[in-house]
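Quick notes on the structure that follows.
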Amino acid sequence: MKKLEDVAREAGVSASTVSRALSRPDMVSEATRTRVLEAAERLGYRHNSAARALVTGRTGLLAFSVPSLANPFYAPVIAGAQDAAEEAGCELIVVVTDGSPEREQALFTRLAERVDGFAAAAPTSVGTQLSAAARRLPLVTVNRRVRGVSSVVVDTPSGMGALGAHLAALGHRRIAYLGGPEGSWLDPRRLSGLRAAVPECEVVALGPYPPEFEAGVRAVAGVLDAECTAVIAYSSTLLIGLLHRITMLGLRAPDDLSLACADDLSAAGLAMPDVTALHVPAAEAGRRAVERLLE
C-alpha cells in the first residue's frame, strides 16, 4: 500500500506539501496541487480521510439537503454542488428531507459532528432553528434567506414578473398562478413579483401544489373554473401534468390556454415547445452554495 511519503517522492515535494494539497488545497498553488494529484493517481494512492480529520479537524465531507429527489429541478443543483466539492478535494453526500422541518432538524443534529458543513435547498425549518443550526456548523441555504445565515437565492420573483409582462403583452388579463409547495419561503415572493409586474391583470392564485405531475392534472379544474386565459406554474413538472390534462380535454396550448412556468426541464432532456419558461441557473446555484460553504 502506497504511503503519503511515496506520493511526495513521486511529485518531488515534501510530505507536508502533499498533506496540505490533499487536506487544505487552498494552502498550495494550483500547479503544486495538480502535480500532487497526478502523482497520487499514478501510484493509486488514496488519502485516509479519518487521518485527515484527526490532523486538521476536518472530514472533507459536505452535506447537501434537498426536499425531494423526485423533483427534477434539484438534479442540476446537486450536480453543480458536487462539481464544486470535488474541485475543492471534498466529498458530497445528499440527504432528503421530504419537506419536513422535523426531519431537516434531525439531519442537522445527526450530521453536525460528521461533516464540515451543510447546504440546505429550500429549507422548511423556522428561521430561529436555521440560525441555531448555523451556530453549530457552517450552513448555507439555497432559495431561503435567514438573518445571519449565508444564502444563495435565485431571483425567480423578477422572472415571474417578466413572464407576467409577456403574457399581458399578448393580451391576457386573467392569469392563474399555480403556487407551492406548501410552506415555501420563496412562493409568496414569486406571487408578489408577478402581481407587481402586471397591475392591469387579475392574478388568480391557486394552490399550494406539490411539484408533481398528478397535482398539475388536478389543477386544471381550478384554472377552468376561474376562467383564466393563461397559466404560470412555479414548477414545470406541475405544468406538464396540466398540459397533459388539457390535451385530454381537447384543449390546445397556446390557442386555448397560454402556459408558462418558473423553471424548465431542459436539463432532464424534456422539451415543451408550447410553454414559455424561465431558464433557471440551477447548477450555478448549487455550485455557489458549496463555494460559499467552503469560504
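Sequence-distant contacts, meaning Cα pairs under 8 Å at least 6 residues apart, place the relative contact order of region 80-229 at 17 percent.
One Cα centroid belongs to region 85-121, the other to region 157-174; the line between them spans 37 Å. Taking volume of the Cα convex hull per residue in Å³ as calculated from this structure, the corresponding entry among [x] 213; [y] 189; [z] 146 is [z]. Mind checking the angle between helix 282-294 and the chain's longest principal axis? C-alpha axes, 0 to 90 degrees, to the nearest 10. It works out to around 40 degrees. Quick one: among Ala85, Ala134, Ala106, which has the greatest mean-square fluctuation in a GNM of the chain with alpha-carbon springs under 10 angstrom? Judging by the Gaussian network model, the answer is Ala106. Annotation for Val96 and His244: the two label points, set 7 Å from Cα along the Cα-Cβ direction, are 1.8 nm apart. Between Ala31 and Arg114, the C-beta separation translates, for a Förster distance of 30 Å, into a calculated FRET efficiency of about 0.40. When DSSP beta bridges are restricted to pairs lying wholly in the chain, around 5% turn out antiparallel. On a per residue basis, region 104-192 carries 43 Å² of accessible surface, using protein heavy atoms and a 1.4 Å probe.
With a cut-off of 10 Å between beta carbons, the residues surrounding Gln82 carry a summed charge of -3, where Lys and Arg count +1 and Asp and Glu -1.
The values are calculated or read from the model by the stated rules, or taken from the named source; none is laboratory data. Everything quoted here is computed from the prediction, not taken from an experiment. Note that each Cβ is placed from the backbone with ideal geometry, even for glycine, and that neighbours are counted across all protein chains shown. The area values use the complete protein model at the heavy-atom level, side chains included, leaving out ligands, DNA and RNA. Shrake-Rupley method; radii C 1.70, N 1.55, O 1.52, S 1.80 Å.
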